[in-house]
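The values are calculated or read from the model by the stated rules, or taken from the named source; none is laboratory data. Because the structure is a prediction, the values reported are computed rather than measured. Because the Cβ atoms are built from the backbone with ideal geometry, glycine has one as well, and the counts that use them run over all protein chains shown.
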Amino acid sequence: MIRFVKNIVDLTLIKSISGIRGTIGGKAGDNLTPIDVVEMTSAFAQWVIENSDKKKIVVGRDGRISGQMVSSLAVNTLISMGLDVIDVGLSTTPTIEMLVPNQNAGAGIIFTASHNPKQWNALKLLNEKGEFISAADGAKVLEYARNRSFDYVQIDELGSVSTLDDPFKFHIDQIFKLPYINQQLIQAKKFKVAVDCINSTGSIALPPLLERLGCEFVLINGELTGEFAHNPEPIPINLIQLAEAVKEHKCDMGIAVDPDVDRLVFVCEDGSMFSEEYTLVAVADYVLRYKKGPTVSNLSSTRALSDVSKTHGQSYYAAAVGEVNVVNKMKEVNSPIGGEGNGGVILPDLHYGRDALVGIALMLNLLAEDEITMSELKKKYPQYVIIKTKFELTPKMDVDELIATVKQANINETLNEIDGLKIDFEDGWVHLRKSNTEPIIRVIAEAETKEKAESLINPILDTINQNYAE
């Protein structure tokens with residue numbers, strides 16, 4: 001993956017092939033300011049004008065406090081470039097991805113910083129297929145932005161703005177057209193679920209889906225305020241409130257999504273964690289019953305997906321981290337199901353994007369078909385333990401040098417360098433890489449036990465601490 005990061009050690013503005021992400025406020029070029037929003041939007045609009053005969057863009061945003069401001073800046077910039085805008089308003093990333101081709105648009109923009117805290121926002125850029133733009137296209141957009149290679153139109157050529165009444169209906173309708181979804185079977189089970197909407201658009205996207213699935217549901221953090229009740233990344237430490245709600249209301253499961261509803265994590269009926277890593281594992285296990293083919297996830301995802309794929313007689317492939325990389329690999333090997341171990345499910349029969357809504361429907365169908373509880377389902381799969389940690393990038397940290405040091409210390413192991421460094425041991429793995437979305441280095445390890453995972457990751461953590469501790 002080609003990455004474009006501007007002084008990441010000092011700033012909170014990250015430019016990458018999929019767009020721009022940063023914290024609100026501060027100085028232009030250092031943070032996500034109005035100038036940066038206008039500049040990137042203008043550059044993307046120029047790319048659309050030069051690469052598509054469809055002069056229409058679909059945009060939408062998650063529930064962040066800054067969403068309306070960022071969206072307004074971008075929409076008016078698009079108009080000033082002569083493009084017509086369909087402004088969906090509050091929506092989800094997968095919904096916008098599906099609406100781009102549905103509305104015969106030339107591109108899309110989603111205003112969301114995914115799992116980042118409330119001070120962050122971002123512009124995610126989509127092509128006319130509703131997929132993240134390629135590395136080459138992203139490089140072109142960034143070149144336009146650097147050189148300010150864009151022209152604004154005259155008064156009589158300004159674009160227009162229109163809206164959509166119910167964007168979620170189309171999305172949900174398409175889910176129920178999938179051959180894997182038995183709506184009547186799910187409705188008959190009358191599942192009861194608790195949902196952590198994290199004060200964002202999950203609170204308006206998930207209820208209509210659950211209602212049509214015949215579910216009784218309890219929403220927590222359901223007020224669409226953008227004031228996230230906890231860190232919005234759906235990982236165990238942030239799901240304690242959801243686990244308590246599941247037990248208190250005697251639910252069949254808990255559902256957690258991130259602010260733009262492309263990541264999906266479950267909590268079992270007893271309040272235990274199903275694990276974000278096993279969202280894709282379980283959904284793939286279900287889909288492979290009906291449609292054979294290889295599976296794909298990224299290098300930082302659990303080995304359990306490979307194990308489950310083998311039980312269906314199918315191959316498994318790993319891609320570099322990043323949705324666009326996973327999608328490219330899925331297309332290359334004609335994969336019917338793939339995604340990321342962070343709770344991202346990609347079902348090509350619906351669209352090539354992570355989608356929590358379809359993941360929920362598939363999981364409920366699996367539980368209904370097998371007449372099984374979430375905790376019983378979890379026990380069916382190979383049990384691995386993943387340890388995830390991260391380090392903030394500092395001025396003295398040389399990531400390339402760090403990776404070279406770690407590589408040399410493990411030169412006799414199986415190494416993969418398509419995205420940082422992944423070391424495959426016989427009994428586990430460690431992956432060291434720069435984040436695509438935050439100014440940090442991620443270090444992840446997996447093994448059959450916590451103790452073994454710690455034994456694999458600790459030497460690398462020691463190297464980082466010894467050489468780069470402030």
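Summary table below
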{"read-out": "Among residues of the stretch 444-455, those that are β-branched (Val, Ile, Thr) and surrounded by fewer than 21 Cβ atoms within 10 Å (Cβ to Cβ), counted", "value": "1"}
{"read-out": "Search result, residues across the stretch 438-460 that are assigned to a helix (DSSP H, G or I) and among the basic types (Lys, Arg)", "value": "450, 452"}
{"read-out": "Residues of the stretch 204-235 classified as touching a helix residue (DSSP H, G or I) at 6+ places or on another chain (Cβ under 9 Å) and without any contact (Cβ under 8 Å) to a residue 40 or more places away in the chain, total", "value": "11"}
{"read-out": "Options 331, 292, 310: the member that is basic (Lys, Arg) and in a loop (DSSP other than H, G, I, E, B)", "value": "292"}
{"read-out": "Search result, residues across the stretch 268-287 that are within 17 Å of residue 115 (Cβ to Cβ), crowded, with 24+ Cβ neighbours inside 10 Å and more than 15 Å from the chain's Cα centre (by Cα)", "value": "275"}
{"read-out": "Top-ranked residue of the stretch 202-217 - restricted to ones that are surrounded by 18 or more Cβ atoms within 10 Å (Cβ to Cβ) and in contact with a Lys or Arg (Cβ under 8 Å, 6 or more places away or on another chain), ranked as nearest to residue 61 (Cα to Cα)", "value": "217"}
{"read-out": "Count - residues of the stretch 335-358 that are among the charged types (D, E, K, R) and surrounded by fewer than 24 Cβ atoms within 10 Å (Cβ to Cβ)", "value": "1"}
{"read-out": "Single unsatisfied condition, residue 85 versus (1) in a helix (DSSP H, G or I); (2) more than 24 Å from residue 349 (Cβ to Cβ); (3) touching a helix residue (DSSP H, G or I) at 6+ places or on another chain (Cβ under 6 Å)", "value": "(1)"}
{"read-out": "Candidates 332, 323 - the one that is surrounded by fewer than 18 Cβ atoms within 10 Å (Cβ to Cβ) and either farther than 22 Å from residue 427 by Cα or of a type in the set (A, V, I, L, M, F, W, C) (or both)", "value": "332"}
{"read-out": "Matching residues, the stretch 103-131, being modelled with pLDDT of 95 or more, of a type outside the set (Asp, Glu) and under 18 Å from residue 346 (Cα atoms)", "value": "110, 124, 125, 126, 127, 129, 130"}
{"read-out": "Subset tally (residues that are hydroxyl-bearing (Ser, Thr, Tyr), more than 22 Å from residue 310 (Cα to Cα) and part of a loop (DSSP other than H, G, I, E, B)) for the stretch 379-427", "value": "1"}
{"read-out": "Some residue of the stretch 156-176 being part of a helix (DSSP H, G or I), among the aromatic types (Phe, Trp, Tyr) and touching a Pro at 6+ places or on another chain (Cβ under 9 Å)", "value": "yes"}
{"read-out": "Per-region count, the stretch 240-255, residues crowded, with 24+ Cβ neighbours inside 10 Å and either within 13 Å of the chain's Cα centre (by Cα) or over 18 Å from residue 201 (Cβ atoms) (or both)", "value": "4"}
{"read-out": "Pairs where the first residue, in the stretch 49-77, is under 17 Å from residue 203 (Cα atoms) and of a type outside the set (D, E, K, R) and the second is modelled with pLDDT of 95 or more and part of a helix (DSSP H, G or I), C-beta under 7 Å, 6+ apart", "value": "60/95; 60/96"}
{"read-out": "Qualifying residue in the stretch 177-195 (condition: in the same structural domain as residue 49 (by TED's automatic domain parsing), at negative phi, touching a residue at least 40 places away in the same chain (Cβ under 8 Å) and crowded, with 22+ Cβ neighbours inside 10 Å)", "value": "no"}
{"read-out": "Subset tally (residues that are under 28 Å from the mean Cα position of the chain (by Cα), not in a helix (DSSP H, G or I) and not small (Gly, Ala, Ser)) for the stretch 177-201", "value": "15"}
{"read-out": "Checklist (1) out of contact with any Leu (no Cβ under 7 Å at 6 or more places or on another chain); (2) part of a helix (DSSP H, G or I); (3) closer than 14 Å to residue 48 by Cβ applied to residue 98, failing item", "value": "(3)"}
{"read-out": "Total residues in the stretch 300-344, condition of a type in the set (Val, Ile, Thr), over 15 Å from residue 132 (Cα atoms) and touching a residue at least 60 places away in the same chain (Cβ under 8 Å)", "value": "2"}
{"read-out": "Residue that is modelled with pLDDT under 95, over 29 Å from residue 235 (Cβ atoms) and either surrounded by fewer than 22 Cβ atoms within 10 Å (Cβ to Cβ) or among the β-branched types (Val, Ile, Thr) (or both), where the choices are 135, 139", "value": "139"}
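Residue-by-condition table, conditions (1) assigned to a loop (DSSP other than H, G, I, E, B); (2) over 23 Å from residue 171 (Cα atoms); (3) in the same structural domain as residue 93 (by TED's automatic domain parsing):
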position: 203; (1), (2), (3): no, no, no
position: 211; (1), (2), (3): no, no, no
position: 217; (1), (2), (3): no, no, no
position: 224; (1), (2), (3): yes, no, no
position: 228; (1), (2), (3): yes, yes, no
position: 250; (1), (2), (3): yes, yes, no
